Amino acid sequence: MRARSKLIKDYPGDRAAAWLNGFFRARRGNINLIFALALIPIAGAVGGGVDFARATAMRSDMQDIADAAALEGAIHADLSETERRRRIGAMVDANWAREHGASDPPSWTADFSGSGVQVTLDRALPTVILGIIGMNAIDLQVSATANGSGGRGMELAVVVDVSGSMSGDIGHLRDSITDLLQVIYGDRTEARDIWISIIPFSGRVNVINNGDDWFRPGQVPANNGFQLAGVDGVNTATDYRCKQTSYTAARPRLCAARRTGSAQWDDTPASSQPFNLFGGDPVVCPVPRAQGLTRSRARLQQVTNNLCAGHGTSTQEGMAWGWRAVSPRWRGEWGDPELPLSYAESPGKIVIIMTDGRNHPSQSGDPLTEAQADAELLRTCEGMRAEGITIFAVTYRMGGALRDLYRRCTSRPEFQYDAESGPQLRAVFSEIGATITSGDVRLTD
């Protein structure tokens, strides 16, 4: 031991080694303190990674919401600034709630310039870990700017299911179409270059308002020359069901039998191949009447308010009449001699089909299976798309059962919607309305 001590004393290298040994022995008492101090920058680094990753994701969500809100404000450039702000706020709240729940939505401002709008969102994101170094929140701000022409024109057919299973949901359907009209018309009673048709269907489509000349001579009963004045024989203010089992002067209806060949599912006009009167069970000929293209919002609202549920489901019938409602081959047949416009003249031809059930052609006495009816529907959709008609489809309370069928019918996969409740149906119709009125609205830098 003495010899080792002498060596340390005599040689500088050994003295240095001894000093270091002593230093580390002395530090052992302070290691906990040193480690605790070291945790602070480590926690800051880790916390920064966690919290800033959360902030990046939140900023991305906020940007998407701002983009959608700006587009909503630009789409409706023809409305008052107050109404545009209301719609922007509703869009922000709805999209935020969809992703994050209803609590703590971002604040927002909107600045308008003609048809353009800039939407800015602000929100403080509470930190999870960075609070230990005094950073309790990360301030986030995003902006989006959109410009637009205030909407676009269209020829639109709204093809809606009024079969018996809809009797408990006719109120929701009426509200949904009303919302659609509100999105399209805003505060207006008519709109330039906008014409809308409503085609209610169950097992058949009632064309009594315009169809007297569409049938072979002698086919149309004399009591079928009545125009729309409420729903015949039904008080639709209190009764959503209209399963009328007989034809009478008080309850006039006019439905067509199936035609032969492709004329059954395409837009062949009645002048080329007239219809025969439907001679099957009267209950599948609905009381609500098909309305051809019109500018009149009041007329469309009247048709909407008078919807009631009958019997049978034949979407292939409804869709074929939706095509005929916008096809230029039917110009002048629906009452207006100038409509439907040619494909070249039209600002855009659109059809929305909504149904709540599978096809039941046997209920109408038709010699088709469900699969054959579905195939006929798809042939109609294919023919419409070939003409440039844009198709949207909505399935209601079906749990996605026919999603693939109607997605194949639409112009784009994203134009197929599922709604499982009345509020969802209203939201879908409003979303479609915003899409089809968007015109050349676009986001800008």
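The values are calculated or read from the model by the stated rules, or taken from the named source; none is laboratory data. Note that the structure is predicted; figures quoted are calculated from it, not measured. Note that we place each Cβ from the backbone using ideal geometry, even for glycine, and neighbour counts take in every protein chain shown. Note: accessible area is taken over every heavy atom of the protein model, side chains too, but ligands, DNA and RNA are not part of it. Shrake-Rupley method; radii C 1.70, N 1.55, O 1.52, S 1.80 Å.
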Please indicate, with yes or no, whether at least one residue in segment 141-162 is open to solvent by 20 Å² or more (accessible area, probe 1.4 Å), assigned to a loop (DSSP other than H, G, I, E, B), farther than 30 Å from SER60 by Cα and modelled with pLDDT of 85 or more. no
One residue from SER342, SER346 being outside any helix (DSSP H, G or I) and either surrounded by 17 or more Cβ atoms within 10 Å (Cβ to Cβ) or among the charged types (D, E, K, R) (or both): SER346
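To keep it simple, each residue is scored yes or no on (1) over 14 Å from the mean Cα position of the chain (by Cα); (2) at pLDDT 95 or above; (3) of a type outside the set (D, E, K, R); (4) open to solvent by less than 30 Å² (accessible area, probe 1.4 Å).
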{"site": "ARG412", "(1), (2), (3), (4)": "no, no, no, no"}
{"site": "GLN416", "(1), (2), (3), (4)": "no, yes, yes, yes"}
{"site": "PRO423", "(1), (2), (3), (4)": "no, yes, yes, no"}
{"site": "SER438", "(1), (2), (3), (4)": "no, no, yes, no"}
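Considering segment 88-103 alone, what residues qualify as being modelled with pLDDT under 85 and not in a helix (DSSP H, G or I)?
Looking only at segment 88-103, we keep the residues that are modelled with pLDDT under 85, and these are 98-99, 102-103.
Scanning segment 88-103 gives ALA102, SER103.
Among what's in segment 73-87 and is part of a helix (DSSP H, G or I) and closer than 13 Å to ASN147 by Cβ, pick the residue that is most open to solvent (accessible area, probe 1.4 Å). Walk me through it before giving the result.
Going residue by residue through segment 73-87, those that are part of a helix (DSSP H, G or I) are 73-75, 81-87.
Remaining after also requiring closer than 13 Å to ASN147 by Cβ: 73-75.
On the way: GLY73: 0, ALA74: 0, ILE75: 16 Å².
Top of the filtered list is ILE75.
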I'm checking my understanding of the structure. Among residues of segment 163-181 that are more than 19 Å from the chain's Cα centre (by Cα) and open to solvent by 20 Å² or more (accessible area, probe 1.4 Å), which one is nearest to THR313 (Cα to Cα)? SER165
Counting only residues that are assigned to a helix (DSSP H, G or I) and open to solvent by 20 Å² or more (accessible area, probe 1.4 Å), how many does segment 384-394 have? 2
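State whether one or more residues within segment 250-260 are open to solvent by 40 Å² or more (accessible area, probe 1.4 Å), under 30 Å from ARG192 (Cα atoms), outside any loop (DSSP other than H, G, I, E, B) and of a type in the set (Lys, Arg). Spell out how you get there, then give the answer.
Filtering segment 250-260 down to residues open to solvent by 40 Å² or more (accessible area, probe 1.4 Å) leaves 250-251, 258, 260.
Those left that are additionally under 30 Å from ARG192 (Cα atoms): none.
For segment 250-260, residues open to solvent by 40 Å² or more (accessible area, probe 1.4 Å), under 30 Å from ARG192 (Cα atoms), outside any loop (DSSP other than H, G, I, E, B) and of a type in the set (Lys, Arg): absent.
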Of the residues in segment 263-279, those that are out of contact with any helix residue (DSSP H, G or I) (no Cβ under 8 Å at 6 or more places or on another chain) and open to solvent by 50 Å² or more (accessible area, probe 1.4 Å) come to SER271, ASN276, LEU277, GLY279
PRO328: passes all of (1) in contact with a helix residue (DSSP H, G or I) (Cβ under 9 Å, 6 or more places away or on another chain); (2) modelled with pLDDT of 95 or more; (3) open to solvent by 10 Å² or more (accessible area, probe 1.4 Å) but (1)
How many residues of segment 395-414 are over 22 Å from VAL326 (Cβ atoms), in a loop (DSSP other than H, G, I, E, B) and either hydroxyl-bearing (Ser, Thr, Tyr) or touching a residue at least 24 places away in the same chain (Cβ under 8 Å) (or both)? The answer is 4
Within segment 286-302, can you find the residues that are modelled with pLDDT of 95 or more, open to solvent by less than 10 Å² (accessible area, probe 1.4 Å) and either hydrophobic (A, V, I, L, M, F, W, C) or on the phi > 0 side of the Ramachandran plot (or both)? ALA290, LEU300
